[in-house]
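So the structure is just underneath, and the comments pick up after that.
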Amino acid sequence: MAEILKDAKKKGAHGADQALAEQVRSIINDIAERGEAAVRELSAQFDGWKPERFRLSAEQIEETVASVDPGTVDDIRFAQTQIRNFAQAQLDSMLETEIETLPGVTLGHKHIPVQNVGAYVPGGRYPMVASAHMSVLTAKVAGVPRVAACTPPINGAVPAETVTAMHLAGADEIYLLGGIQAVASLALGTEFVDPVDVLVGPGNAFVAEAKRQLYGRVGIDLPAGPTETLLLTDHTVDAEMCATDLLGQAEHGPTSPAVMLTTSRQLGLDTMTEVERQLQTLPTADIASVAWDDYGRVIVCNSHQEMLDLANELAFEHVQVMTDDDDFFLANMVNYGALFLGPMTNVSYGDKVIGTNHTLPTQGAARYTGGLWVGKFIKTVTYQRVTDPASSALIGEYCSRLCAIENFAGHQAQADIRVERYSGQPA
């Protein structure tokens with residue numbers, strides 16, 4: 001029986017509250033009705049941003065990239081190389097296929113990239129430069145012809161590093177625009193931007209709710225909630241590292257769960273002490289301390305199997321495994337966004353640079369979906385061809401009888417005419 005050393009004071013909320021949802025719905029409807037005029041009012045209200053044009057010109061982009069420290073540009077290029085390489089490897093694993101199932105009956109599938117993608121890259125306190133790699137770059141590797149990317153201004157200025165990352169990732173259009181007004185503009189289209197087919201990228205609760213409401217008019221990557229991190233640990237790791245990994249994700253926001261499962265009671269106690277020590281000096285402690293206090297948990301399990309069972313039940317976004325048998329969890333974990341195996345890696349590597357995508361399922365969505373990858377930007381579509389009359393007639397006979405069971409007379413007629421036309425004809 002697991003022992004809870006520290007439990008969460010609050011339970012994670014699923015979905016937006018009614019007031020937030022109504023506010024988002026009202027804004028989306030306003031943009032749908034009034035277009036750019038509504039977007040301009042919202043941009044001025046929320047970001048103090050009233051530019052002549054939201055879209056950055058080629059000259060503005062060139063000047064912005066030139067203003068960034070060359071060392072930073074090199075760092076961005078390094079990260080994008082890792083992400084591009086892994087995305088390309090994933091794409092290469094997606095094979096088209098064509099088989100003959102009966103004489104003259106050919107079935108196949110093709111992979112077709114989505115034609116228009118909108119990528120939202122958050123700003124604010126944490127301008128998430130890496131999100132440009134994860135969304136824009138991955139879409140371009142998938143073969144998407146047009147990627148329109150939005151990021152908000154920061155204190156009335158162009159976020160140079162973010163724009164540089166968007167440009168280097170291959171964005172075809174870059175807009176300085178944030179929040180609901182950005183994602184709604186991308187999804188619906190306005191006077192200054194054509195609509196997209198798929199909308200991707202993380203954001204705050206308003207952006208997440210806007211994407212949820214826009215789903216159906218456009219595709220989205222996945223439902224998004226507060227960042228989650230889960231540590232699976234035993235005696236082989238120390239409290240300092242565990243506390244660092246917990247707080248490293250708790251700083252995302254005051255509702256970000258940081259949970260540790262361990263087979264070592266002493267490690268659990270030491271980690272709790274170490275968390276409090278690190279919070280004394282952590283620059284983001286104002287956020288991380290609230291998340292840890294309200295949503296942090298430390299649970300002692302009797303075995304690796306008990307940790308596994310609980311981890312699969314939690315279905316967290318990030319799962320950091322630091323045990324004497326990490327491969328046990330790799331082989332048996334079924335519900336997670338991404339695994340980080342061993343103390344030499346960590347969630348921050350995945351968030352920023354190592355090559356895997358950081359847009360991952362939260363709030364239990366890992367039970368039914370993985371994270372963003374090249375496949376999210378690709379439609380796998382099927383085709384069929386019949387060139388043998390006998391096979392067409394044979395399939396038609398089966399189809400006719402099956403349509404009759406379902407009372408689909410028109411469907412049955414489609415089959416019957418082919419049975420009549422092609423029965424007895426030579427191949």
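Please work out the Kirkwood hydrodynamic radius for the stretch 205-336, using every pair of different C-alpha atoms, and report it in angstroms with one decimal place. Taking the inverse mean of 1/r over all distinct Cα pairs, the stretch 205-336 comes out at 15.6 Å. Label positions at Glu62 and Leu102, each projected 7 Å from the Cα along the C-beta direction, are separated by 6.2 nm.
Need one number for the chain: average projected area of the convex hull over its C-alpha atoms, nm².
Working: hull surface 106.2 nm².
That works out to 26.5 nm².
What's the ranking of 24-34, 105-115 by average number of surrounding C-beta atoms within 10 Å, highest first?
Numbers: 24-34: 16.9, 105-115: 15.4.
Per-residue Cβ counts within 10 Å, averaged per peptide and sorted highest first, yield 24-34, 105-115.
If I take every Cα pair under 8 Å that is 6 or more residues apart in the chain, average their sequence separation and divide by the length, what percent do I get for the relative contact order? Worked out over the chain, it gives 20 percent. In the chain, carbon and sulfur make up what percent of the accessible area (probe 1.4 Å)? Carbon-and-sulfur percentage of accessible area, whole number: 52. In this label model, Gln266 and Asn204 are separated by 4.6 nm, measuring between points 7 Å along each Cα→Cβ vector.
With both labels modelled 7 Å from their Cα along Cα-to-Cβ, the Leu402 to Gln115 distance reads 3.2 nm. By the Cα gyration tensor, the stretch 158-260 has an equivalent ellipsoid whose semi-axes, rounded to whole angstrom, run 34, 17, 11 from largest to smallest. Calculated mean residue ellipticity at 222 nm for the chain: -14000 deg cm²/dmol, from DSSP H runs with n ≥ 4 weighted as -39500 (n - 2.57), summed, divided by the residue count and rounded to 500. To the nearest ten degrees, helix 205-214 and the longest principal axis of the Cα atoms of the chain are 10 degrees apart. The calculated FRET efficiency for the pair Ile354 and Ser26, based on their C-beta separation and a Förster distance of 35 Å, comes to about 0.30.
Which of the three applies to the stretch 6-114, rounded, prolate or oblate, going by the alpha-carbon gyration tensor with a ≥ b ≥ c and a/c under 1.5 meaning rounded? Walk me through the numbers before you get to the answer.
Numbers: a/c = 1.70, a/b = 1.35, b/c = 1.26.
The shape class here is prolate.
In loop segments of the stretch 37-77 as defined by DSSP, the trypsin sites (Lys or Arg not before Pro) with at most 11 further C-beta atoms inside 10 Å of their C-beta are Arg53.
Computed from the Cβ-Cβ distance with R0 of 41 Å, the FRET efficiency linking Thr345 to Asp194 stands at 0.55. Measure nothing but the geometry: give the 0 to 90° angle between the long axis through the Cα atoms of 265-279 and the longest principal axis through the Cα atoms of the chain, rounded to 10°. Value to nearest ten degrees: 70. Relative to the longest principal axis of the Cα atoms of the chain, the long axis of helix 70-92 makes an angle of roughly 40 degrees. Probing with 1.4 Å while keeping every protein chain in the model, the per residue accessible area of the stretch 252-390 equals 44 Å². In percent, rounded to a whole number, the relative contact order of the stretch 176-323 is 24, using alpha-carbon pairs under 8 Å and six or more apart. For Arg34 and Asp293, the FRET efficiency from 1/(1 + (r/R0)^6), where r spans their Cβ atoms and R0 equals 30 Å, is about 0.10. Sparse packing (at most 13 other Cβ atoms within 10 Å of the Cβ) combined with a DSSP loop state is found for none of the trypsin sites (Lys or Arg not before Pro) in the stretch 353-427.
The values are calculated or read from the model by the stated rules, or taken from the named source; none is laboratory data. Here the structure is a predicted model, which means the values were calculated and not measured. No Cβ is skipped: glycine too gets one built from the backbone with ideal geometry, and neighbour counts run over all protein chains shown. Heavy atoms of the whole protein, side chains included, go into the accessibility calculation; ligands, DNA and RNA do not. Shrake-Rupley method; radii C 1.70, N 1.55, O 1.52, S 1.80 Å.
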